[in-house]
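A.B. asks: Just passing along the structure, written as structure tokens.
Derivation of every value follows stated rules applied to the coordinates shown; laboratory data play no part. These numbers were taken from a predicted model, which means no experiment stands behind them. Reconstructed Cβ throughout: ideal geometry from the backbone, glycine too, with neighbour counts over all protein chains shown.
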Amino acid sequence: MKRILTTLFAMAAMLGLQAKTLPVNIIPQPREMTLEKGTFKVSGAPVSYDILLGTESTDLVRAFAARISTLTGQASKVSAKPGKKGFVFTRNASVPAEGYNLTIDGKCAKVEISDYKGLINALATLAQLMPEDFFREATAPKAEWLLPQLAIKDAPRFGYRGLHMDVARHFFQVDEVKKILDVMTLYKMNRFHWHLTDDQGWRIEIKRYPKLTSVGSVRKQTIVGHHKSKNATYDGIPHSGFYTQEQIKDVVAYAAQRGITIIPEIDLPGHMVAALAAYPELGCTGGPYEVRQKWGIADESLCAGKEMTMRFLEDVLTEVMALFPSEYIHIGGDECRKGEWEKCPFCQRKIEELGLKSDGHWTKEQYLQGYVTARMQDFLLQNGRKLIGWDEILEGDLKPGATVMSWRGTKGGIKAAKMNLDVVMSPNSFLYLDYYQSDKKDKEPLAIGHYLPVDSTYSYKPLDGIPPEYQSHIIGVQANLWTEYIATDKHLEYMYFPRALAAAEIEWCTEENKNFTRFKASLAHQFRILDILGVSYSRAIYGDYGLH
Ligand code: ACM
Ligand code: ZN
């Protein structure tokens, strides 16, 4: 009897050994995941779906079926009635927003979702579970494609999962923007903050003010090297570029299809020198102004005392709102120098008219910026939109209903949450991807300074310092990339990745599910995917420094 049992155990062990275990390296880590032994055969698996998912979703499911047919060389039968075998996509109203359940056994890979974004996220997980060739444009069909057996119940920690791109300091073409949107989808990020205007360039066509692009999108030349170095020289090469309204509509639609909302930023009332170069009458002195050729904060701002400025801003925002369906419109608000306001008769008259006074908290000019912010907020509200701005909007009082993006560390975000304002946490100390990502600065491309390796980004805990009763005001997290020192697509991507993947985990995962050792191990798989996609990234975690 004992011999029989021993033999049975030995046989079972052998069977167990035969059941393959495939590696799983999903980023961001799913909320709940149980790995099983054994595999599911992708090749030739039928694909079926629930018609209740809606056309937008069923189109995506059909595209997925077509993709696996091409890649495996074996046709997948597609059916609009959920089956019991193969890939089955169904609706389940109890799945949380943007979440999904994925159960893969020997016969069936079942996806349950309650919304379109859940489907996008489920497909991102499936894509990361597939052999990496899934990402190739063209590959010789391989007969045997397998998925691991597992059970996942996944949903995001934060509703706002952002990535920012500055296209004002250096312009990036539509194709590059779309490439970044594609990568965002793969890592389940859902808000793209498009920094469209700044002192060094205006990048969005505004029909009512054509000089914003004909004049404001062109700078004569660019400073060479670091802006803080003495004896700065300039390259003598004009830099220009802007998006037409047609291109913007195309990008907005492209993003929406991938579950991403684009939040446009028109940075005001500071960071406006490019607009002032086009329309000098909007400044305190009347100019002349030139599109700025160096980095660092400009002394010139829009004149807050002229009604003409407010009309200009409302006209611009009207065209912006027509292009971007986003609930949030970002009005910047950061680093607005007020030296000219102190001397400007228009600004001072406005201060008097409004009865603004310097007090122990803020200067009367800071209150004047508060007045500009409040006017923009009212205007956006009248148009059914919400204002979001950098944490300087907290200076000089801020009306309820505004959302604060905390960039100067976490202080502003903590303060805003305690004022019952919604907050997106984006502290430079953890999430500024323009900082050096290795300490071998001599081997790295020139960056703005500071040192922020991927493990530091990863260590960020968005709710640190927020009292429990205010934590629901932290609606999300965002990583930012400023492009003063970044002029090429390859360099742009190099600065984003892999730190943007660390940001994706902060945005998606609960604290208990974060683990840098597991994350770092999973990067090898993700790097192979990025290689196939032609996306550049830093290998500093392997001791390989610099952009090659
Ligand atoms: C910022 O970095 N000035 C928002
Ligand atoms: Zn003024």
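A.B. asks: Under the rule a/c < 1.5 gives rounded, and otherwise a/b versus b/c splits prolate from oblate, where does the range 175-249 land using the Cα gyration tensor?
C.D. replies: In terms of gyration-tensor shape, oblate.
A.B. asks: A follow-up question, please. With runs of 4+ DSSP H residues as the only contributors, calculate the mean residue ellipticity of the chain at 222 nm using -39,500 (n - 2.57) per run, divided by the residue total and rounded to the nearest 500.
C.D. replies: Computed mean residue ellipticity for the chain: -10500 deg cm²/dmol.
A.B. asks: Would you order Asp544, Asp315 from fewest to most other beta-carbon atoms within 10 Å of each residue's own beta-carbon?
C.D. replies: Lowest count first: Asp544, Asp315.
A.B. asks: Here's another thing I want to ask about it. Return the FRET efficiency for the residue pair Lys85, Lys37: r is the Cβ-Cβ distance, R0 is 22 Å, and the value is rounded to the nearest 0.05. Spell out each step's value before the answer.
C.D. replies: On the way: r = 20 Å, r/R0 = 0.90.
The pair Lys85/Lys37 has a calculated efficiency of 0.65.
A.B. asks: With a/c under 1.5 counting as rounded, go ahead and sort the range 74-113 into rounded, prolate or oblate using the C-alpha gyration tensor (a ≥ b ≥ c being the square roots of the eigenvalues; past the cut-off, prolate if a/b is larger than b/c, else oblate).
C.D. replies: Prolate, since a/c reaches 1.5 and a/b exceeds b/c.
A.B. asks: From the square roots a ≥ b ≥ c of the eigenvalues of the alpha-carbon gyration tensor of the range 208-335, which class results: rounded (a/c under 1.5), prolate (a/b over b/c), or oblate?
C.D. replies: Oblate is the answer for the range 208-335, as a/c is 1.5 or above yet b/c matches or exceeds a/b.
A.B. asks: In which sequence would Thr58, Thr233, Thr488 go, from the one with the fewest C-beta neighbours within 10 Å to the one with the most? Let's see the in-between values first.
C.D. replies: Values: Thr58 18, Thr233 10, Thr488 15.
With the sparsest Cβ surroundings first, the list reads Thr233, Thr488, Thr58.
A.B. asks: Run the quick spin-label model on Ile532 and Lys357: label points 7 Å from Cα toward the beta carbon, then report their separation in nm to one decimal.
C.D. replies: 6.8 nm
A.B. asks: Something else about it: What is the order of His330, His226, His170, His450, fewest Cβ neighbours within 10 Å to most?
C.D. replies: His450, His226, His170, His330
A.B. asks: Something else: Ranked from highest to lowest mean number of other Cβ atoms within 10 Å per residue, what is the order of the peptides 43-49, 421-427? Display every interim value, and only then the final one.
C.D. replies: Details: 43-49: 20.6, 421-427: 25.3.
Final packing ranking: 421-427, 43-49.
A.B. asks: Then there's this: Modelling each spin label as a point 7 Å along the Cα-to-Cβ direction, I'd like the Glu327/Glu56 distance in nm, to one decimal.
C.D. replies: So the label points at Glu327 and Glu56 sit 1.5 nm apart.
A.B. asks: Over 30 Å between Cα atoms: which of Lys142/Lys179; Lys338/Lys411; Lys107/Lys179 fall into that group?
C.D. replies: Correct reply: Lys107/Lys179.
A.B. asks: Net charge near Val291: determine it from the other residues with C-beta under 9 Å of the C-beta of Val291, scoring Lys and Arg +1 and Asp and Glu -1.
C.D. replies: +1
A.B. asks: Alpha carbon centre of the range 521-548 versus the range 391-413: separation in Å?
C.D. replies: When both Cα centres are located, 35 Å separates them.
A.B. asks: What is the mean projected area of the alpha carbon convex hull for the range 224-287, to one decimal in square nanometres? Working shown, then result.
C.D. replies: On the way: hull surface 29.6 nm².
Averaged projected area of the range 224-287's Cα convex hull equals 7.4 nm².
A.B. asks: How long is the gain from Tyr254 to Asp464 if the chain were fully straight, where each residue apart is worth 0.36 nm and the alpha carbon distance is subtracted?
C.D. replies: Value of the extension gain: 72.1 nm.
A.B. asks: I'd like the antiparallel share, as a percent to the nearest 5, of DSSP beta bridges with both residues in the chain.
C.D. replies: 35 percent
A.B. asks: Kirkwood Rh over Cα pairs of the chain into Stokes-Einstein at 25 °C, 0.890 mPa s: D in µm²/s?
C.D. replies: 97 µm²/s
A.B. asks: Go through the cysteines of the chain and tell me which have no other cysteine Cβ under 4.7 Å away.
C.D. replies: Among the cysteines of the chain, those whose Cβ sits 4.7 Å or more from every other are Cys108, Cys336, Cys509.
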